[in-house]
Structures are given as C-alpha cells and as structure tokens.
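The values are calculated or read from the model by the stated rules, or taken from the named source; none is laboratory data. From a predicted model like this one, the values you see are computed outputs, not experimental measurements. Neighbour counts are summed over all protein chains in view; Cβ atoms, including those assigned to glycine, are modelled from backbone coordinates with ideal geometry. Please note that ligands, DNA and RNA were not included when accessible areas were found on the heavy atoms of the full protein model with its side chains. Shrake-Rupley method; radii C 1.70, N 1.55, O 1.52, S 1.80 Å.
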Amino acid sequence: MRVRLSLLTLLCPLLACVTAMPPARPIARPVAYKGYYEAFPSGMRLVVYEDPAATRATVNVSYRVGASDEGRGQEGLAHLAEHLAFRGRPGGPGAPTMDSRLAATGAIVNAFTSHDQTDFWTHAPIIQLRSVLRLEAQRMRDALANVTEAEFLAERDVVIAELHEREEGDELGAQQALVLESALPAGHPYARSVSGTVQSLRALRLEDVRTWAQTYYRPARAVLVVTSPVKGPEVGGLVASSFGSLATGSHSAPVERTPPPLPERPAGPLVVKQAPVSHPRLWMSWAVPGRYSGQTPQALAASEILSSIMSYELLSLRVNDKVLGSDANALVLDGATLVLASVELESREDAPKVIDKVMTALHTLHDRAYGVDMAMNDVRARMVTDAFLGLEQLSTPDVAQYLRSTGKPDYVAGWPAQIRETLKHSLAPYTEKYLTADRVQTLLVVPDARGPSVASAASTRAAAGGGGELHGEDAELPPTGELDVRKVAQAPGLDRVERLTLSNGLQVVVARRGVVPLVDARLVIRTHATGTDGSAAALPALALYASWRSTGRQYAGDVGETVLQRVDEDFVLYGGSASSGNLPHLVDEMRQWVKNLDLSRSSFRKLRDAFADGLASNEAQPEYRAAVAFRSRLYPQHVLGAVPTPEQVRALDYGEAEDWLEQQILPSSATLYLTGDVTPGPELQAQLEGLLGGWKGGGSTGPRALLPAPAVPARRTVLLVDQPGASQAGFRIGLRGPKLDAEQEATAEALAWALERRLTRALREKQGVTYGVQVESQPHASTSALMVSTRVDRAAAAQALTLMLGTLGELGKAGVSEEAAVRARWQVASDYDLRFGTVSAAAEHLTTLAASQLPADYWERYPEAIARVDAAGMRSLAGALNLGSEVVVVVGDVASLQPQLEAAGFQVERLPAPAGKATKSASR
C-alpha cells in the first residue's frame, strides 16, 4: 500500500509585520511538505518525508521490541543486543564491523533501547543512502554475524561499566530504577531498568543475545523512517531493492502490540530507599494511560501545569531552605505513562510537610478556575509550537512510535492535530480521574554512605543517549577517490546575510535560513570583565538575572516562546525563538528589558542572597567542588577560572549592579541577530527602528579588547575529591594550548578525535573498565584547552591515569601517523554540516562570530581548514600543548584511590572537606 502525505497547515496565517503587536498567539504561515508511506508484503513499513533543503539522509530502523519484552532474569538483554549489533561482521570473520562500515560512508550513527522499542539511526551524505539501506538490511538478516565470544564478553563489560556510570555518575540516573519499582507493581514489565542489573547482565550468554536478535530484529517488527531530498517513491524503490526478500518476500502482517496494562492500585505508604544522592529527594508518581490510549497530550500538559503549581505552593519552603528544587514531568510508555513529581529536600524530616504541599497543589490543579483550565492556553501554545520546532530535525523514533500507536503514518500533521484536538476541552476531568491522592505512590530517596553521584562529561553524554557509540576497530575508510572531505563538510552559507544599522547604532544581522517558518532572535551584547576574582564573575550574572526577573517575559507563554538568556565571560545573550510571525513579540520583549534596566533594591538583595545560599549548599557536593578546583587551576588568576564564593556574592552591592548595567548594556556594544524565516528590507528595518531605535545609552565603545591569555599552570596537579564508597573514579584532565585560528581549530578537533579513539580502544574495548572517554578541544578568544573526561573502575584508576597521561605524552612527541590523520580528518568532516542543521544552531554559530570577534566568513572557510588537516599539523599542535602542566581532578573513594595513585608515582593532593554548612543569608 502506498500513500502520499499532504500539505500541512500547522498554525494560523502569517500576519503583516507592523509595529503594532499582532495577537499574542503562535503565528506562522502554512508549511508545505511531501511524505510517502508504503507497507511491504513482509510486514515492514516505510515512512518517508521529503526535505528538499536537507544536506543529509536520515535512516531510522525502529524495531518493536524493548526491555518490557525480556524474561525474568534477563534484564538488560535488549540493551546488550543493541550494543552488539554494531559489532556484527556481515562480510565474514575478520571483515569490517557494521559500525566501521557505516562510518566509512561519512555517517553519524547511534542507537537506543527503551522499554518499548529499539532504534538504529544514521545521518549520512545523501549519495550514501543506498549504501546505508543495504547495511541495515544486512543487520536485519543477522545482527550478530561473526561476533566472537571475546567480543561479547568485552561488550558486556562495557554495558556493565555504563550501568555503573549511570548509577554513580548521575543523581537522577541513580534513582531511575528505584522510581520505576516504586511507581509500578512488582513484576510489571515497566517496573525495571532498561539497563538491567550487574547480576542479570553477568548471567547473559552470547547465544541469548543471538536468539534475541534473530527473533525480534525481523521485518514485521520494523518501521523504517527516511528523511532526505529524495522523492518518496524513489526511496521506496531503494528500500525494496536493498532489503530484497526482507521487504518483498513472504507475506506477513506487521506485528501488532497489546502493550503492558495500566496498573490500577491504591496509594501506598511512603517507601524509603538509599542511593548516592547529595540531598533527599521525594518522588510522587501517578500511573496514567500510555501512548496507545491517545491521551499523551493530556499527560504532558498535566505534568507541566502541576510543575508550575508545585513551584508556587513550595515557595515558602524554598525561602526557608527546606526545599532546594522541584519539578514534574511525564515518562511516556506504550501501555502506561508515569506522571512524576520530584522535590529535592534539605532534610528527610521535611518530607511529610512537602507531601502535604504537593497534595495542596493537586487540589489547585483540579480547580477549573485557577488550575488546569486557567493555564491551558499557555501550555497548548507551547506544546504546538514545540511540535512545530521539531519539524526542523524530525524525531524519527517519534514517527515510528506514532505509526505503531495510532496506525497513521503522518506524524508531522497528526501529532500537532492530536494536541489541539485533545487539549481544546477542559483538562479537569482527566486530572480528577487519574492525578488523585488515592492513586499516588510516594518514594523518598536518601543519601547512602557513598555520598552524591558525580556527573562527569562522559556520563552526561551517556545519559543523554548522544555522542555516538564506538564498537570495534578503526572505521573502514571509503575508497581513496571518495575521501575528499569537502564533499561531506560543506560551507554553511552563514556569510550570506543582510546587515542593517538602526539610528542608535545597533547593528542588525539578518540570516534567512531553513524552510520551516521559525525565527531565532537574539541580542548579543559584548561586555568586558571588571576583574579576575569571583566577584567579577558573579556581578554580571547577578545584575542581569535581577533585571530579567524584574522585566519578565510578557508574551512567552502565549506564543510558545523558547526563552534564551545567557551570561558568558565576555558577552550577554538575551532573546527567544518562536514561530516567525511572532518576531514582533520577541523584539518587543527586548525593548521592554533594555528600557527598564533599573533594578528593584529588594528584589536584587533577595536574588543575591539566594545565589549565595545556593553556592554555600553546592560546596558540600563533590562534583561542584571538583569543577571549581579544576577551573581555578586550569585558568589561574583569570576570569575563565573565577568561581564566586558565597562571601564574595554577599558582599556585592545594589549600586555596583546598577553601575554595571548602565556601563555595559549599550546599543553600541550590541548586535541583534535574526535567523530563520525573516525577510530583510525597509519594512523590517522600520519595525525594528520603532521597537529598538529608542534604546539609548553611552557613546561608541569601539572594538572590545579581547581578554588577555591566562597564565599556564606551573606544574602537573593531581587533586583528589572524596566520594566515599564510590565504585568508580571520575577523571577530569585539562591541558592548556595556544590561541587557535580556523586552521588550528580544525586540527585541534582532529587531534581530540584521535586521542579519544586511542583512549576508548584501550580503556573500553580492550580493558572494559569504562563506558566511554570524551576528549574535547575548547577554544577561547585568547587561549585553548584540551579536556579529557571519563569514569573508570576504581581498581583501575592508577593504571588508567598512567595510560591517559602517557598517551598525551606520546602525541606530543611522536604525533600520529598519516593514516590516523586521514581517519581523524574524515571524522571531523562527517558531522560538520550537522552543526548548522537548525535555525537555533545557525544562530549559535553567528553568536560565536560576534563573541569571539571572528571574520564573517570564518565558518565558510572551515571546510578548507578541515581538508588541510594532516599528520604534521597535528604533531605540531600536540607539541604546543603544555605537557607536564596537566590539571587532573579525580572524584572517588579517596581511601582506595590515594594509595594506588601514590604507588604509581603520582604526587597527589586532597581537596579539604568543606568546613560545614554555612548559615543562611540575611537580607540587608
């Protein structure tokens, strides 16, 4: 069966751009798109969306199988199978792995496993679409082809390391399994972690995984989602020819699912569990109908409204330091959705009082005058706009989920329509039925002896499911004739902009991007540091957030705006993104802010004291203390390394903040970037002049002087931060380098990739002591740094540090081979165009140009810089790193780590324990 999908009108028609404000609701023109659907005889289904502007083809193969299908004692099997599916060698023993062959196409690949499905997705150059489809067909035929017992054992150890990292490397990850167990009845298919347990993973065998893949990675369970410029029927033909009998063979209906049932059980008593958390956290959960019920919009809206009401109800406890933070969200699964309310507490004794407050929030939620119905317009606008924003980079797993749960292939039109249809009526009947006191399950998670989890950069990336997986030997390279990286890394066209100047000197840059009617409007104001200590770092943030709080956002809720606010060491960003018809609302919010920079004295003092109290609370957390120590040692006596202390913040005065705003928030230091569906011309300039032309202040400040380069650390530092009982050691290694130009920045990226690949092969693939290693080049205006982060089994800490520092030393002396340089160059080129794939991503790169005072064609010349990366340049840059002056911070069980590090010859320092909880601020 073949179906052509049609024109989508997401929101109301575009209004003319006039200075008078249009109605405060999402406004955009219709979006034309073409889609295609085909159901193959084998039961495999295909959904295609044509994107004429795409520079990549996306292929997502989604299998209807996940953790909820595992048998008792096999927890983690689905996730392990997903990992091993990258190690398959369809060409025979010794042939390149699936991961290697996909990488050879210039693709970015990843996969994820949930309770309900397993997805493999690939972003590849358009000319490689047929190759990617053929590779996915080979994976479907035999995902674990020629995987050896040794490879199985190594990957199983990697998955166990990932489990440890998520449990100890992220506080929310450490609580995930406990929340599921508390929210659902024992034995329910969703009452388990997707990752499994160490015991269940150790019990799995290679044949278990083979049987799983052969049983479930089948055509009738597969939905293929493809986005590219290629026409739908043509993609259908490519799929048929690439998959052969897997698509057109024996007739079979798609596997239909009866999802796990919605559990119905009364409220239970408060359950108390221990985990590596810094503060007690209260969880309250309600099981509501899942994705297949068609009621997902209600669950998402109810959780968002509950979060706002909770924040209001808990305000008095926040002021008194009883509550440190709160949130509510929805975990959407096929058979059940969990609405989860969480509150971080200062003390476990406060839990009963907080439960009462949340119950009060529930009563308010059900109130039709002041609860759900009062907030519905804002929530509906935001959800529809978010769905609209998602069109830029379509979530292909969501497309597959929508088809399975509704039987309808057109997610692009169907999901926004589902939101509008289900949320046009009162939400009160839904909340009164499902979010009630007699259905709530409560869990209190309290700190255990190990202390709080440590969120390393590697663990954060793992928890987010991003960054890509590495599953074997070095990637196969394409034939020599196809190695021209300029065919993959293409100039993004950010130099093709229109420039305007308003009467007050404000510069405006208009970059027309994309085909979806969205706009990103951001005011970038260049500032300069007033010192090098923590006070200089805190003053801009405090002054700006106090002024932003005072001004508010008049239209944000009504138009579904995504708010943008940022304070960096040398610039300020203020703006938002929304449907392009709402550009006047975004710019008018800027006008209201710059017009009303005056601060409320009492508001400033409350914010200052809350900021100081938050810092004092953070000082008890190992991760925060480690981050502060790392920055201050890597960038000594410099604003890049300055982190304010509570005492420095409390000493800041209202008058200092007023002076800072008056001296630095000037039109002559600012550039307004308008990116997306914006047409430059006299009409736009007149509109901007009417809104922002009246912003006055100061004269021309001239070019801003770049920050001076910070001093280089005098020697190597190995600093230990105690996390008693932790089974892993979290490493941060920083190495200072020179200021980078475009040529050197591309080389630094390649060097970082080569180092990450070496360390990953050694620590993950050979030793199995870590889930992953992340290496990143961090350029600044006046300097650069190379950062390494990972978490390893604590017994291997000294060995791992010796290997990492030794590998850095080898790079500095011997560099890399020419073949390694070619691989690194290819990898840097592979994802270059993806960096500019959305309106907000393009706007972010324009922001970088302004903040770092880079030439307008910097990103256009970057592909040529990538093409010139070679072994000699990488060796030269590695030699310019300040080897021997590394800053190493290790978080873990010091009683175990210190003896083995000292035995390995490292001179270590222990970061002193915090002196104790600071007293609460008193407003002055």
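Here is how the numbers come out for the structure above:
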| read-out | value |
| --- | --- |
| Matching entry among L801, L834, L805 (being surrounded by 22 or more Cβ atoms within 10 Å (Cβ to Cβ) and among the aliphatic types (A, V, I, L, M)) | L801 |
| Check on V628, in the same structural domain as L564 (by the TED database), touching a residue at least 24 places away in the same chain (Cβ under 8 Å) and of a type in the set (V, I, T) | no |
| Sole residue being acidic (D, E) and touching a residue at least 24 places away in the same chain (Cβ under 8 Å), chosen from E349, E344 | E344 |
| Matching residues in region 768-786 - criterion: being open to solvent by less than 30 Å² (accessible area, probe 1.4 Å) and at pLDDT 90 or above | V773, V775, S777, T783, S784, A785, L786 |
| Among (1) over 23 Å from R823 (Cβ atoms); (2) open to solvent by less than 10 Å² (accessible area, probe 1.4 Å); (3) under 26 Å from the mean Cα position of the chain (by Cα) - the single one R732 does not satisfy | (2) |
| Options R89, R45: the member that is in contact with a Ser or Thr (Cβ under 6 Å, 6 or more places away or on another chain) and more than 30 Å from G493 (Cβ to Cβ) | R89 |
| Single residue of region 228-267 satisfying the filter (of a type outside the set (A, V, I, L, M, F, W, C), assigned to a helix (DSSP H, G or I) and modelled with pLDDT of 95 or more) that is nearest to the chain's Cα centre (by Cα) | G232 |
| Single match in S285, S311, S293 (criterion: surrounded by fewer than 19 Cβ atoms within 10 Å (Cβ to Cβ) and touching a strand residue (DSSP E or B) at 6+ places or on another chain (Cβ under 8 Å)) | S311 |
| Test for V339: is it in contact with a Lys or Arg (Cβ under 7 Å, 6 or more places away or on another chain), hydrophobic (A, V, I, L, M, F, W, C), under 19 Å from Y190 (Cβ atoms) and in contact (Cβ under 8 Å) with a residue 40 or more places away in the chain | no |
| Among residues of region 706-734, those that are among the small types (G, A, S) and more than 30 Å from R166 (Cβ to Cβ), counted | 3 |
| Test: residue in region 38-52 that is assigned to a loop (DSSP other than H, G, I, E, B), crowded, with 24+ Cβ neighbours inside 10 Å and in the same structural domain as T227 (by the TED database) | yes |
| Test: V147 is surrounded by 22 or more Cβ atoms within 10 Å (Cβ to Cβ), touching a Leu at 6+ places or on another chain (Cβ under 9 Å) and closer than 30 Å to S342 by Cβ | no |
| Which numbered condition G71 fails, given (1) more than 21 Å from S405 (Cα to Cα); (2) touching a Ser or Thr at 6+ places or on another chain (Cβ under 9 Å) | (2) |
| Options E776, E743, E765; residue that is of a type in the set (D, E), part of a strand (DSSP E or B) and in contact (Cβ under 8 Å) with a residue 24 or more places away in the chain | E776 |
| Helices (runs of 4 or more DSSP H) wholly inside region 567-654 containing at least 3 residues that are among the hydroxyl-bearing types (S, T, Y) | 601-618 |
| Of residues in region 324-339 being farther than 18 Å from S68 by Cβ and either of a type outside the set (G, A, S) or assigned to a loop (DSSP other than H, G, I, E, B) (or both), the one least open to solvent (accessible area, probe 1.4 Å) | V339 |
| Filter result (in contact (Cβ under 8 Å) with a residue 60 or more places away in the chain, open to solvent by 40 Å² or more (accessible area, probe 1.4 Å) and not hydroxyl-bearing (S, T, Y)) within region 193-213 | A203, D208, R210 |
| H251 vs. criteria in the same structural domain as T442 (by the TED database) and either on the phi < 0 side of the Ramachandran plot or surrounded by fewer than 16 Cβ atoms within 10 Å (Cβ to Cβ) (or both) | no |
| Complete set of residues in region 812-831 that are open to solvent by 20 Å² or more (accessible area, probe 1.4 Å) and not in a helix (DSSP H, G or I) | S817, D831 |
